[in-house]
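For reference, the structure is listed below as structure tokens.
The values are calculated or read from the model by the stated rules, or taken from the named source; none is laboratory data. Small disclaimer: the values here were computed from a predicted structure and weren't measured. Note that each Cβ is placed from the backbone with ideal geometry, even for glycine, and that neighbours are counted across all protein chains shown. Just so you know, the surface numbers come from the protein's heavy atoms only, side chains and all, with ligands and any DNA or RNA stripped out. Shrake-Rupley method; radii C 1.70, N 1.55, O 1.52, S 1.80 Å.
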Protein chains: 2
Amino acid sequence: MDDDDRHARKMAKKKAARDKIMATKTAEKGLVIVHTGKGKGKSTAAFGMIFRCIAHEMPSAVVQFIKGGMSTGERDLILGQFSHLCEFHTMGEGFTWETQDRSRDTEMAQAAWTKAKELIRDPANRMVLLDEINIALRYDYIDAAEVAAFLRDEKPPQTHVVLTGRNARDEILDIADLVTEMELVKHPFRAGVKAQIGVEY
Amino acid sequence: MDDDDRHARKMAKKKAARDKIMATKTAEKGLVIVHTGKGKGKSTAAFGMIFRCIAHEMPSAVVQFIKGGMSTGERDLILGQFSHLCEFHTMGEGFTWETQDRSRDTEMAQAAWTKAKELIRDPANRMVLLDEINIALRYDYIDAAEVAAFLRDEKPPQTHVVLTGRNARDEILDIADLVTEMELVKHPFRAGVKAQIGVEY
């Protein structure tokens, strides 16, 4: 029981410290959230937040900048059952090494960005996901400084915007409120395992 | 146009290399997937995979080891609309510094692990999410060597098991197929912003 008592005391202290910290966190603010890094889970976690919004009946929107070629489960589920809560636009046509056409990719990315601005400006949307926009920014299909300035100056204050994709640009990281880097520690592709339903798509 | 040609050639090369690699990835295998690290998105990405399974009508299950005290959007959505596809168990009673009772926490964690084994053994489940189990393992509420041995020796070969929580134990990392570390780069709590609906829960 001594051990349990020690544990209880330690945890009571931890709780007091935590409660004190949490009491200072009172601001509500629309966040610019970035998921980047080479690891998995960048888009998956972003779609997880969209499902959270759906659960709370908060209107949201998704623009897919690159992955258009790939039909994902999330997309089917949102289009099939939650299109009244989440507007979904797939603007890209697969990864850039699939299309091999820089001019068309640029046009697509620009059209996606125009749509994204419209959705972000609409105050009805509480969260807008710009899926794989970092790749379009990395290839200079869209100007990173322009995106950063728009998010800083024109985003409605209570709207959350989530940007995903590896190699996020510094311009975006500078104005972001929340940045998570998904780091690859171990990957089964290395052991000859293919992309699987439910895990990768 | 020279620039576009160069881009097209570069991308064609990239695609050929990628296609060649992907052709070698043919195995299907139930994976042990770990999301760890101090950053955000560990549980969110895991629930994203559960929603993927739901989208594909693949039966799945969730056991929440710690976060019981907190009602999350995902949980409400799954219980409300997808309980026929996803069995959901919340076994913990909030974080351990909320409960301050080691004996009760250990009992709860053991009961959760017993339920988890039952769900993993059931071959109908294609994916089982053990949410925040890493915390229960870190506090020794459950034995890491036992969990590792079970996942290695008794998990049905086609079932995916996802384990989340910071400070994943080495015993678990050793037997995992896919490990992602969510690394915290920037966090708005530091700027006095509180946990917000749709983002954190």
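If we sort B:54-64, A:149-159 on the protection proxy, mean other Cβ atoms within 10 Å, highest first, what's the order?
B:54-64, A:149-159
Say a label goes 7 Å from Cα toward Cβ at B:A195 in every copy; what distances in nm does this one have to the rest, shortest first?
3.4
Using a Gaussian network model of chain A whose springs link C-alpha atoms within less than 10 Å, name the residue from A:D101, A:D170, A:D131 with the highest mean-square fluctuation.
Result for chain A, Cα springs under 10 Å: A:D101 fluctuates most.
How big is the charge dipole of chain B about its Cα centre, in debye rounded to the nearest 20, if each Lys and Arg gets +1 on its Cβ and each Asp and Glu gets -1 on its Cβ?
Working: 30 positive and 31 negative charges, 183 e Å.
Around 880 debye, computed over chain B.
Quote the total accessible area buried by chains A and B together, excluding ligands, DNA and RNA, probe 1.4 Å, nearest 100 Å².
Counting both chains, the buried surface is close to 6900 Å².
Given a cut-off of under 8 Å on Cα pairs at least six residues apart, what relative contact order in percent is computed for chain A?
Details: 312 pairs, mean separation 65.5, N = 201.
That works out to 33 percent.
Over all Cα pairs of the stretch A:106-201, how is the pair count split among 5 Å bins, expressed in % and running from 0 up to the last occupied bin?
Bins of 5 Å from zero give 2, 11, 21, 21, 16, 11, 9, 6, 2, 0 percent of pairs.
Given label points at 7 Å from Cα along Cα→Cβ, what nm distances, shortest first, separate A:D143 from the same residue in every other copy?
Label-point separations across copies, in nm and ascending: 6.4.
Pop a pseudo-label 7 angstrom from the Cα along the beta-carbon direction at both A:K115 and B:E154 and give the gap in nm to one decimal.
Inter-label distance under the simple model: 4.8 nm.
How many partner chain Cβ atoms sit within 10 Å of a residue's Cβ in peptide A:28-37, on average, as a whole number?
Mean shielding count: 4.
Pop out the carbon and sulfur fraction of the accessible area of the protein assembly as shown as a percent, whole number, probe 1.4 Å.
The C+S portion of the solvent-accessible surface of the protein assembly as shown is 48 percent.
In deg cm²/dmol, rounded to 500, what helix-only [θ] at 222 nm does chain A give when every DSSP H run of at least 4 residues adds -39500 (n - 2.57) and the total is split over its residues?
One gets -14000 deg cm²/dmol as the mean residue ellipticity at 222 nm.
For the stretch A:30-191, what is the accessible area per residue in Å², given a 1.4 Å probe and the full set of protein chains?
37
Between the label point of A:I175 and that of the same position in each other copy, find the distances and list them shortest first in nm, with every label point placed 7 Å from Cα along the Cα-to-C-beta direction.
Label-point separations across copies, in nm and ascending: 4.8.
Could you pull out the pairs from A:K115/B:K29; B:K115/B:K186; A:K13/B:K40; A:K14/A:K38; B:K10/B:K38; A:K42/B:K13 whose alpha carbons sit more than 28 Å apart here?
A:K115/B:K29; B:K115/B:K186; A:K14/A:K38; B:K10/B:K38, as the Cα separations exceed 28 Å there.
How large is the convex hull of the C-alpha atoms of the stretch A:30-191 per residue, in Å³?
Considering the Cα atoms of the stretch A:30-191, their hull volume per residue is 113 Å³.
Run the dipole for the protein assembly as shown about the Cα centre, Lys and Arg Cβ at +1, Asp and Glu Cβ at -1, nothing else charged, and hand back the magnitude in debye, nearest 20.
Value, rounded to 20: 600 debye.
Taking each residue of A:150-162 in turn, how many C-beta atoms of other protein chains fall within 10 Å of its C-beta, and what is the average?
That average works out to 0.
Once the whole set of protein chains is in place, how much accessible area is left on A:D177, using a 1.4 Å probe, in Å² to the nearest 10?
So the heavy atoms of A:D177 present about 30 Å² to solvent.
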